[in-house]
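Before any comments, here is the structure.
The values are calculated or read from the model by the stated rules, or taken from the named source; none is laboratory data. The structure presented is a predicted model; accordingly, all values stated were derived computationally and were not measured. Positions of Cβ are generated from backbone atoms using ideal geometry, with glycine treated the same way; all protein chains shown enter the neighbour counts.
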Amino acid sequence: MRGNALVLWAALSLGLGLSPDAFGQTVVTLTNIVTVTVTNTVTVTNLVSSIGSATNSAAGGLLASEPNPWESSVTAGLTLTGGNSSTLLVTGGAQTHRKKTENEIGLGADGAYGVNNSVKDVDSLHGFGQYNHLFDDKFYAYARIEALHDGVADLQYRVTMGPGAGYYFFKNTNTTLAGELGSSFVNQRLGEVDENYASLRLAERMEQKFGGINARLWESVEILPQVNQFQNYIMNVEVGVESAISKSFSLKTFLVDNFNNMPAAGRQKNDVKLVSGITYKF
């Protein structure tokens, strides 16, 4: 029996490099090796998970920091007087713009209602939408639709729509100046007369920002002459100034002049509004 034990010890010593004193601990040593291996595997797995989570968090942070391409605002104004004259004027509007490298979108709507000594003297609704596709930094093609109602001018509705081309003469952070040339289809009910005709469209618009005082100045001019009757034309002019009073709020004052060279019977050619209000940007 002792001879057999020596033979077994010699075989294990050759295979595992163990001394006679360590022979009794052989199984324990093997168990420890297995335990360490398993523990290390779990640790490595945890490290990989942590790295993945950190990567995902970093990616999520980058995605969350992308700026919103839409710039939107709402404006509201209210004027009341009493005593010798009793007047009410309510104005409101909303606009949103999206500017990307190749595409620009502008949408807006506004309205005004006024009463002077119980007589309605302001009653207008206006809306527009324009899409620009830029071929480079300066040149673009556009499609535009615009609608106007003016009860005081006896204009039940006027819808103009059509394509055209535009060019940015200046386009940087603080200054933009663009000119547009196109055609429009005009559909309107003026007085009791329904009209449909084609017109040209010539327009320009400018905006100047003053970063030091957080203010901006803008103006736009649009003229639409009927193609086969140039004396029948419409001109729309807007000039305004806006000054920030906080990060989200600003004061806005602007003048709008809608000129129709052939107005409804008994109406003036010019309709002018001077509007002031508070604007909230988001």
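Does segment 124-145 hold any residues that are among the charged types (D, E, K, R) and either farther than 22 Å from M235 by Cβ or over 19 Å from the mean Cα position of the chain (by Cα) (or both), and which are they? Talk me through it step by step, then tell me what you get.
Here is the first cut: in segment 124-145, the residues among the charged types (D, E, K, R) are 136-138, 144.
Once the filter is applied, which keeps residues that are among the charged types (D, E, K, R) and either farther than 22 Å from M235 by Cβ or over 19 Å from the mean Cα position of the chain (by Cα) (or both), segment 124-145 yields D136, D137, K138.
Residues of segment 143-180 that are under 14 Å from R205 (Cα atoms) and in contact with a Gly (Cβ under 6 Å, 6 or more places away or on another chain): Y167, A178, E180. Somewhere in segment 116-128, is a residue assigned to a strand (DSSP E or B) and within 23 Å of T173 (Cα to Cα)? Within segment 116-128 (the criterion being assigned to a strand (DSSP E or B) and within 23 Å of T173 (Cα to Cα)), the answer is no, since none of the residues qualifies. Kindly check whether there is at least one residue in segment 163-181 that is over 18 Å from I234 (Cα atoms), charged (D, E, K, R) and assigned to a strand (DSSP E or B). Yes, segment 163-181 contains at least one residue that is over 18 Å from I234 (Cα atoms), charged (D, E, K, R) and assigned to a strand (DSSP E or B). Suppose the filter is exposed (fewer than 14 other Cβ atoms within 10 Å of the Cβ) and either free of Cβ contacts under 8 Å to residues at least 24 places away in the same chain or under 24 Å from I223 (Cβ atoms) (or both); does T175 pass it? When the stated conditions are applied, T175 passes them.
Within the set F185, F135, the sole residue that is in the same structural domain as L217 (by TED's automatic domain parsing), among the aromatic types (F, W, Y) and closer than 18 Å to V227 by Cβ turns out to be F185.
For segment 238-252, does any single residue satisfy the condition of being among the acidic types (D, E) and within 25 Å of the chain's Cα centre (by Cα)? Write out each step before concluding.
Initially, segment 238-252 is screened for residues among the acidic types (D, E), giving 238, 242.
Right, trim to within 25 Å of the chain's Cα centre (by Cα) and you get 238, 242.
Yes, segment 238-252 contains at least one residue that is among the acidic types (D, E) and within 25 Å of the chain's Cα centre (by Cα).
Of everything in segment 227-271, what is in contact with a Leu (Cβ under 7 Å, 6 or more places away or on another chain) and hydrophobic (A, V, I, L, M, F, W, C)? Give them in sequence order. Matches in segment 227-271: V227, I234, V239, V241, I245, L255, A264. Just so you know, in segment 147-162 the residues that are assigned to a strand (DSSP E or B) and among the hydrophobic types (A, V, I, L, M, F, W, C) include one that is farthest from F259 (Cα to Cα), and it is M161.
Here's the yes/no breakdown for (1) under 21 Å from A143 (Cα atoms); (2) surrounded by 14 or more Cβ atoms within 10 Å (Cβ to Cβ):
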{"position": "M206", "(1), (2)": "yes, yes"}
{"position": "I213", "(1), (2)": "no, no"}
{"position": "W218", "(1), (2)": "no, yes"}
{"position": "V221", "(1), (2)": "yes, yes"}
{"position": "Q231", "(1), (2)": "no, no"}
{"position": "I234", "(1), (2)": "yes, yes"}
{"position": "A244", "(1), (2)": "no, yes"}
{"position": "F249", "(1), (2)": "no, no"}
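Name every residue in segment 194-238 that is polar (S, T, N, Q) and without any contact (Cβ under 8 Å) to a residue 40 or more places away in the chain, in order of residue number. Write out each step before concluding.
To start, the set of residues in segment 194-238 that are polar (S, T, N, Q) comprises 196, 199, 208, 214, 220, 226, 228-229, 231-232, 236.
Result: N196, S199, Q208, N214, S220, N228, Q229, Q231, N232, N236.
Pick out, from segment 215-282, the strands (runs of 3 or more DSSP E) lying fully within it that include 2 or more residues that are acidic (D, E). Give the derivation first.
On the way: elements: 215-226, 229-244, 249-260, 270-281.
Qualifying strands (runs of 3 or more DSSP E): 215-226, 229-244.
Here is a yes/no grid of residues against (1) aliphatic (A, V, I, L, M); (2) more than 21 Å from A112 (Cβ to Cβ); (3) at pLDDT 95 or above; (4) more than 20 Å from the chain's Cα centre (by Cα):
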{"site": "N196", "(1), (2), (3), (4)": "no, yes, yes, yes"}
{"site": "A203", "(1), (2), (3), (4)": "yes, yes, yes, yes"}
{"site": "G212", "(1), (2), (3), (4)": "no, yes, no, yes"}
{"site": "L217", "(1), (2), (3), (4)": "yes, yes, yes, no"}
{"site": "Q226", "(1), (2), (3), (4)": "no, yes, yes, yes"}
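Taking the conditions (1) out of contact with any Gly (no Cβ under 9 Å at 6 or more places or on another chain); (2) modelled with pLDDT of 90 or more; (3) more than 24 Å from S184 (Cβ to Cβ) in turn, K120 satisfies each one other than (1). Number of residues in segment 71-86 that are at pLDDT 95 or above and not in a strand (DSSP E or B) equals 0.
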